[in-house]
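Read through the structure below, which is laid out as structure tokens, and then see the notes.
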Amino acid sequence: MSKKTYIAAITDALDICLEDDPKTLIFGEDVGKNGGVFRTTQGLQDKYGEDRVFDTPLAESGILGLATGLGVQGFRPIPEIQFMGFSFEAIDQIVGQAARMRFRFNGKQTSPMTIRTPYGGGTHTAEMHADNLENFFTGVPGLRVVMPSNPYDAKGLLISSIENNDPVLFMENLKLYRSMKDDIPDGKYTVPLDKANVVQEGTDLTIVAYGAEVNEAKKAAEKLAENNVSVEIIDLRTVSPIDTDTIFKSLEKTHKVVIVQEAQKMAGVGAQVASAISEDAILSLDAPIGRVAAPNSVYPFAQGEDYWIPGADEIVEKANEILNY
Amino acid sequence: MANKSVVDFEAIKKDLADLPKPIQVLDENSKVVDQETFDSFSDDDLVEFMKKMVWERALHEQTMNFSRQGRMGFYAPTEGEEASEMGTVLAMKKQDYLLPAYRDIPQLIQHGATVTEAYLWSRGHVLGNEYEANAMMPQIIIGAAYDEAAGVGLGIKKNKEEDKIAFTYTGDGGTSQGDSYEGMNFAGAFQTPTLFIVQNNGFAISTPRAKQTAAPSLAQKAVAAGIPSVQVDGMDILACYTVAKAARDYITAGNGPVMIETLTYRYGAHSSAGDDPKRYRTEEEVKPWHEKDPLIRLRKVLEDKGLWSDEQEDKLVEEYKSSFKDAIKEADEAPKDKVSDMLKRTFEIPTPEMRKEIEKFEAKESNE
């Protein structure tokens with residue numbers, strides 16, 4: 001066991017996978033000598049050589065096309081998109097090409113790649129650097145979307161993603177990179193994909209969250225506990241597909257739910273959770289479904305972020321509304 | 001203030017337009033213009049080239065017939081492009097990896113897919129993509145394969161496989177998509193064994209080449225990526241083969257990627273789905289290209305040598321067409337593509353929601 005930041009946990013997972021499987025390759029903009037703009041891949045080129053960890057020209061579509069081509073030749077690529085907003089440039093290669101390889105070829109050819117990309121606000125980056133685009137990508141058949149909320153999960157989920165034989169979009173929360181530390185096992189361990197985590201058990205209200213909002217949910221739960229409200233928190237971990245069974249099970253106990261996401265409210269993960277509950281678990285509820293999400297504006301410039309991203313206070317407010325329904 | 005510019009931009013523009021002549025072995029009148037290259041082909045070679053073009057033309061004609069009978073799905077006519085398609089693909093080896101676009105079905109078949117599979121692909125059946133060939137399925141997004149061809153090339157290089165390349169096709173329209181540049185640039189930066197082929201057939205559906213780019217040649221587009229490129233007469237199969245073969249030799253010697261622009265023409269519509277070429281081009285414009293027809297050009301040479309006759313060709317066409325009829329019958333017998341199977345092949349491990357959908361569709365399908 002050792003105390004590791006979220007980012008160090010990710011580096012650790014990459015190191016283990018490079019060590020384990022010579023067919024894994026890390027590439028992207030500045031991932032080599034510079035170790036990535038956040039130092040996520042620091043030291044890996046020195047350890048595994050330029051043949052395994054290398055810089056590419058600055059072109060996201062090219063990076064993802066390269067990954068698909070390398071996959072065809074038997075490699076297991078781990079391409080990096082430097083900031084998630086840059087993935088707009090690679091939509092065809094991710095959605096139109098990689099995600100449908102297995103389908104196109106009846107399984108004869110696949111795209112076993114893990115696309116790593118940082119996302120999320122609160123660090124006052126430039127435009128296009130913080131956009132959380134899971135709402136786009138969770139609608140893509142053939143693509144898994146994984147969003148760890150803590151260092152332990154980040155390492156275990158990343159190893160699971162890399163070992164998975166289908167493409168995974170692995171979204172790393174920028175704000176969590178260095179703001180959080182966990183005691184995590186030193187060697188290899190995995191956290192299963194497609195499985196939500198019950199972060200804390202409770203009986204009065206279920207909060208469904210993912211990514212950095214899991215921490216906001218925890219803060220909100222602490223405040224609600226002061227008024228003797230017992231909150232159950234579910235961390236989705238994989239946001240496509242969504243583990244609805246864990247949510248439904250919780251609702252049978254609490255009968256109330258608030259769904260929290262950092263991204264804009266329109267469509268996407270929270271809407272999908274709400275829709276699944278409405279479709280299959282509505283009779284478990286005795287209050288409307290509560291939602292906390294960012295407003296449907298374009299992702300704000302740095303100065304507006306702090307007001308825009310939903311925090312613990314908004315979760316408490318919405319929780320009280322649902323509890324008092 | 002002086003009015004005179006420090007740079008003579010007009011002169012630079014003029015230099016760009018000063019292109020070398022496209023490579024030819026036979027000219028429009030079937031006259032040999034490169035005797036040395038011509039002499040490197042045996043009589044058997046020449047007959048073989050002719051047979052391949054006759055095969056492609058017959059494939060086109062029979063497939064158009066099937067299309068008129070409503071028996072095909074998406075089909076992109078190839079008539080006029082036989083020298084470009086067959087010439088380049090015949091220079092490749094079976095171990096090479098092909099990334100074709102939707103008009104490159106004849107190359108895909110030459111590279112190992114069956115005609116039955118090609119027909120199944122046309123009809124939108126997944127069994128059309130299960131071929132043994134070292135090939136990607138035909139690409140619809142016209143620039144995308146260029147990125148992937150850089151990746152396949154890099155994989156070949158990393159695997160240290162010798163005498164093997166990735167080769168890919170796009171059209172004149174495809175060179176306008178950013179991906180075609182990104183792919184060439186990646187291949188150049190990593191010096192991958194990749195051959196990029198642009199079949200410049202004059203039109204991207206209805207948009208003429210002149211409206212596609214102000215660049216005097218499409219081959220020039222490789223220059224920015226640091227890749228050697230060349231224009232070749234795309235109606236001369238001997239030139240297309242010779243240049244593709246030379247490119248392959250150059251690439252497998254470890255020299256990095258090459259780009260070839262073939263100057264060819266699409267006689268027919270963009271696709272069998274119904275664009276009418278008369279709306280965007282005139283008879284006067286098309287006629288001279290028919291006079292450059294790749295089959296006529298080589299046929300004259302073979303007839304002069306006493307190696308070819310109409311009877312021989314008619315017999316071949318008959319044989320080929322009969323094999324295509326067998327192929328479509330075989331395609332007719334393919335089992336129906338089921339929704340439950342589509343769900344099963346979306347992920348290796350189906351999602352919980354998909355497991356429910358699979359069950360639902362399997363129950364429905366078992367009642368059908």
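Of all positions in region A:64-74, none carries a residue that is in contact with a Ser or Thr (Cβ under 9 Å, 6 or more places away or on another chain), more than 11 Å from chain B (Cβ to nearest Cβ), open to solvent by less than 10 Å² (accessible area, probe 1.4 Å) and modelled with pLDDT of 95 or more.
Taking the criterion of being over 12 Å from the mean Cα position of the chain (by Cα) and assigned to a helix (DSSP H, G or I), the only residue of region B:102-115 that qualifies is B:Val115. Just to be sure before I move on: is B:Ala118 part of a helix (DSSP H, G or I) and either within 29 Å of B:Ala58 (Cα to Cα) or free of Cβ contacts under 8 Å to residues at least 24 places away in the same chain (or both) in the structure I sent? Answer is yes for this residue. Quick one: would you say B:Gly73 is in contact with a helix residue (DSSP H, G or I) (Cβ under 6 Å, 6 or more places away or on another chain) and more than 27 Å from B:Leu263 (Cβ to Cβ)? Yes; evaluated as a whole, the condition is true for this residue. Restricting region A:227-247 to residues that are among the hydrophobic types (A, V, I, L, M, F, W, C) and not in a helix (DSSP H, G or I) leaves a set whose member that is farthest from the other protein chains (Cβ to nearest Cβ) is A:Val229. Taken over region A:248-258, the criterion of being assigned to a loop (DSSP other than H, G, I, E, B) and touching a residue at least 60 places away in the same chain (Cβ under 8 Å) is satisfied by A:Lys256 alone. Among the residues making up region A:139-155, those that are away from every other protein chain (no Cβ under 14 Å) and open to solvent by less than 10 Å² (accessible area, probe 1.4 Å) are A:Met147, A:Pro148, A:Ser149, A:Pro151, A:Asp153, A:Ala154, A:Lys155.
State yes or no: is A:Leu58 open to solvent by less than 10 Å² (accessible area, probe 1.4 Å) and at pLDDT 95 or above? Judged against the criteria, A:Leu58 is not a match. Among residues that are open to solvent by less than 30 Å² (accessible area, probe 1.4 Å), touching a residue at least 60 places away in the same chain (Cβ under 8 Å), facing another protein chain (nearest Cβ under 10 Å) and under 16 Å from the mean Cα position of the chain (by Cα), A:Leu158 is not included.
Is it the case that some residue within region A:31-44 is open to solvent by less than 40 Å² (accessible area, probe 1.4 Å), in contact with a strand residue (DSSP E or B) (Cβ under 6 Å, 6 or more places away or on another chain) and within 14 Å of chain B (Cβ to nearest Cβ)? Yes, region A:31-44 contains a residue that is open to solvent by less than 40 Å² (accessible area, probe 1.4 Å), in contact with a strand residue (DSSP E or B) (Cβ under 6 Å, 6 or more places away or on another chain) and within 14 Å of chain B (Cβ to nearest Cβ).
Taken together, the criteria exclude B:Ser5 from residues that are in contact (Cβ under 8 Å) with a residue 40 or more places away in the chain and either over 30 Å from B:Ala118 (Cβ atoms) or more than 24 Å from the chain's Cα centre (by Cα) (or both). Selection of helices (runs of 4 or more DSSP H) fully inside region B:275-353 by the criterion of at least 2 residues being within 14 Å of another protein chain (Cβ to nearest Cβ) and without any contact (Cβ under 8 Å) to a residue 24 or more places away in the chain returns B:339-344. Cβ separations smaller than 6 Å between residues 6+ apart or across chains give the following pairs from region B:61-74 residues that are within 15 Å of B:Glu117 (Cβ to Cβ) and open to solvent by 40 Å² or more (accessible area, probe 1.4 Å) to residues that are part of a helix (DSSP H, G or I) and at pLDDT 95 or above: B:Phe74/B:Ser122. The set of residues in region A:95-121 being open to solvent by less than 10 Å² (accessible area, probe 1.4 Å), within 11 Å of another protein chain (Cβ to nearest Cβ) and under 27 Å from A:Arg39 (Cβ atoms) consists of A:Ala98, A:Met113.
I'd like to know if region B:210-233 contains one or more residues that are open to solvent by 40 Å² or more (accessible area, probe 1.4 Å) and charged (D, E, K, R). Yes, there is a match, as at least one residue in region B:210-233 is open to solvent by 40 Å² or more (accessible area, probe 1.4 Å) and charged (D, E, K, R). Residues that are within 9 Å of chain A (Cβ to nearest Cβ) and touching a residue at least 60 places away in the same chain (Cβ under 8 Å) were ranked within region B:121-149; the one that is most open to solvent (accessible area, probe 1.4 Å) is B:Leu127. Any residue at all in region A:15-30 that's under 25 Å from B:Glu161 (Cβ atoms), buried (at least 21 other Cβ atoms within 10 Å of the Cβ), within 14 Å of chain B (Cβ to nearest Cβ) and out of contact with any Leu (no Cβ under 8 Å at 6 or more places or on another chain)? For region A:15-30, residues under 25 Å from B:Glu161 (Cβ atoms), buried (at least 21 other Cβ atoms within 10 Å of the Cβ), within 14 Å of chain B (Cβ to nearest Cβ) and out of contact with any Leu (no Cβ under 8 Å at 6 or more places or on another chain): present.
The values are calculated or read from the model by the stated rules, or taken from the named source; none is laboratory data. All values derive from a computational prediction rather than experimental measurement. All Cβ positions, glycine included, derive from the backbone under ideal geometry; neighbour counts span all protein chains shown. With ligands, DNA and RNA removed, areas are computed over all heavy atoms of the protein, side chains included. Shrake-Rupley method; radii C 1.70, N 1.55, O 1.52, S 1.80 Å.
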